[in-house]
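Reading through the structure tokens given below for one structure.
Please treat every number below as a calculation from the coordinates, not as lab data. Being a predicted model, the structure only gives us computed values, none of them experimental. Every residue, glycine among them, receives a Cβ derived from its backbone with ideal geometry; neighbour counts consider all protein chains shown.
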Amino acid sequence: MQTNFTSLSKFLQQTKIPEVHEKFGFLELIKKQTNETINSQIYAHFLDSNVPEIKNAFMDGLMSILIERVDKNLALVEPFIYTEVYTSSKKRIDIVIEDFHSQSAIIIENKINHEVNNPFKEYWDHYDKFSEDNRIGVLLTIHPETIPVEVKDFFVNITHKEWIDNVKSTLELFNLDLRNQVYLSDFFNTIDNLTKSYAMNESAMFYFQNAQKVLQATETRNQAVIFINNQLQIVSSELKLDMNGNNLDWRNFWDSQNGINTYLTVITEKLMLGRNNIMIILELFNDDVKTLPNLDQHLKNHPQYQTKMKGEVKSNKFAHYLTQNYELTQDELASLGETIVNYIRLDFADILIEAVKLNHPNKDISHWENHLLSV
């Protein structure tokens, strides 16, 4: 793709690009945010919460919508919450709010990302012990849906966002204990994210309106990726150290021939975020981590040791032993491979060799040692 850089640069400078602000919670982490059964159980938990403020906010938030849309007024006295209620033919109703005192029921079918083809009439008839005036069916969906014709007089459609927005409007999170604040915020964020993913949000609209320019920008990013990968290959070739890893954010440079787990890592993550910053790390892995006390004692007076920051040590598995950050000029970025090689030789070559010789005294490293020290 031939990119018009002048046009693209002008577009990026003059156009405000919508920012995406998504807060991921536990369900997103375990990829269960679209699981309807889990979603129903969470609603049921809050509807039946032992914290009155939470229970009332969810119940009142639902009831206020139903009062607006249904010509019925269920005078709930002591409602009980059930999930996965099976009909006589083993069809499953997601959530039921049932009140024996007022002889009332709210039958909720919870939909997130599946087709609306449930046996709604069977759900309705399952609670024929209550009069029609004391029953309300709810189709709970991410975006507005049409109620099937055969039950249009029995069911009403509300969205997750409508319900949750009502809850938010009455529930003061900061008055709750920290645990419930976290649980509720997490769930609210999940509903917000689901709603946005199905809606034509600002970011999606921006893409469709500016697709050509966005694709041009994407192509320039691809060229940046190719550039970084090629420059890191220069580092490997120049230092005669093997390059490990295929993540654009980092690469290991090590002696794979000898299986030496004392090596260098170059972090390039910030380059792709628009910051001309790299980090070089003297890293230890597996058994080499055990030598940290000896290394400290051996290297403590070395000039290259004294100018470095100590990094993270994780459970005797790996250690970012010594680290150093570098802010690059545009000229240094343009010759990234050469720049990294120069910084390694200037700031890490001596201590890497010292550390490897201390940890692996019987290994022959002559095939890369002189290349590392070359100027």
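Structure summary
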item: Kirkwood Rh, angstrom, the chain [1 / mean 1/r, Cα pairs]; result: 26.2 Å
item: Helical mean residue ellipticity (222 nm; -39500 (n - 2.57) per DSSP H run of 4+; nearest 500) of the chain; result: -13500 deg cm²/dmol
item: Cα-based reach from residue 91 at 17 Å (exclusive), listing lysines while leaving out same-chain residues under 8 positions away; result: 111, 121
item: Equivalent ellipsoid semi-axes, segment 217-373, via Cα gyration tensor eigenvalues times 5, rooted, Å; result: 27, 16, 15
item: Tail weight of P(r) past 15 Å, computed on alpha-carbon pairs of segment 98-149, percent; result: 47 percent
item: Computed over segment 335-375, Kirkwood Rh from alpha-carbon pairs, angstrom; result: 10.8 Å
item: Proxy reagent accessibility, fewest Cβ within 10 Å first, across 101, 160, 143; result: 101, 143, 160
item: Sites residue 178 and residue 269, calculated FRET efficiency, Cβ-Cβ separation with R0 41 Å, nearest 0.05; result: 0.80
item: Calculated FRET efficiency for the pair residue 91/residue 247, C-beta based, R₀ 51 Å, to 0.05; result: 0.60
item: Calculated from backbone phi, Karplus (6.51, -1.76, 1.60) coupling profile of segment 299-316 in Hz, x at Gly/Pro; result: 9, 4, 9, 6, x, 6, 6, 6, 8, 9, 8, 7, x, 7, 10, 10, 6, 6
item: Average Cα contact separation per residue, the chain, under 8 Å, 6 or more apart, as relative contact order %; result: 12 percent
item: Separation of the residue 300 and residue 211 label points, Cα + 7 Å toward Cβ, nm; result: 6.5 nm
item: Given the chain, longest segment not containing exposed loop GluC sites (Glu not before Pro) (DSSP; at most 12 other Cβ within 10 Å); result: 173-311
item: Assigned charges on the beta-carbon of Lys, Arg, Asp, Glu; the chain dipole about Cα centre (debye); result: 840 debye
item: Taking the convex hull of Cα positions in segment 304-375, its mean projected area over all directions (nm²); result: 6.1 nm²
item: Under the Karplus curve 6.51 cos²θ - 1.76 cosθ + 1.60, θ = phi - 60°, whole-Hz ³J(HN,Hα) for segment 256-273, x wherever Gly or Pro sits; result: 6, 4, 9, x, 7, 9, 10, 7, 9, 10, 10, 9, 10, 3, 6, 4, 6, 9
item: Cα coordinate range in segment 26-198, projected on the principal axes (Å, largest first); result: 42, 34, 28
item: Inter-probe distance in nm under a simple model that places probes 7 Å from Cα toward Cβ, at residue 56 and residue 342; result: 6.9 nm
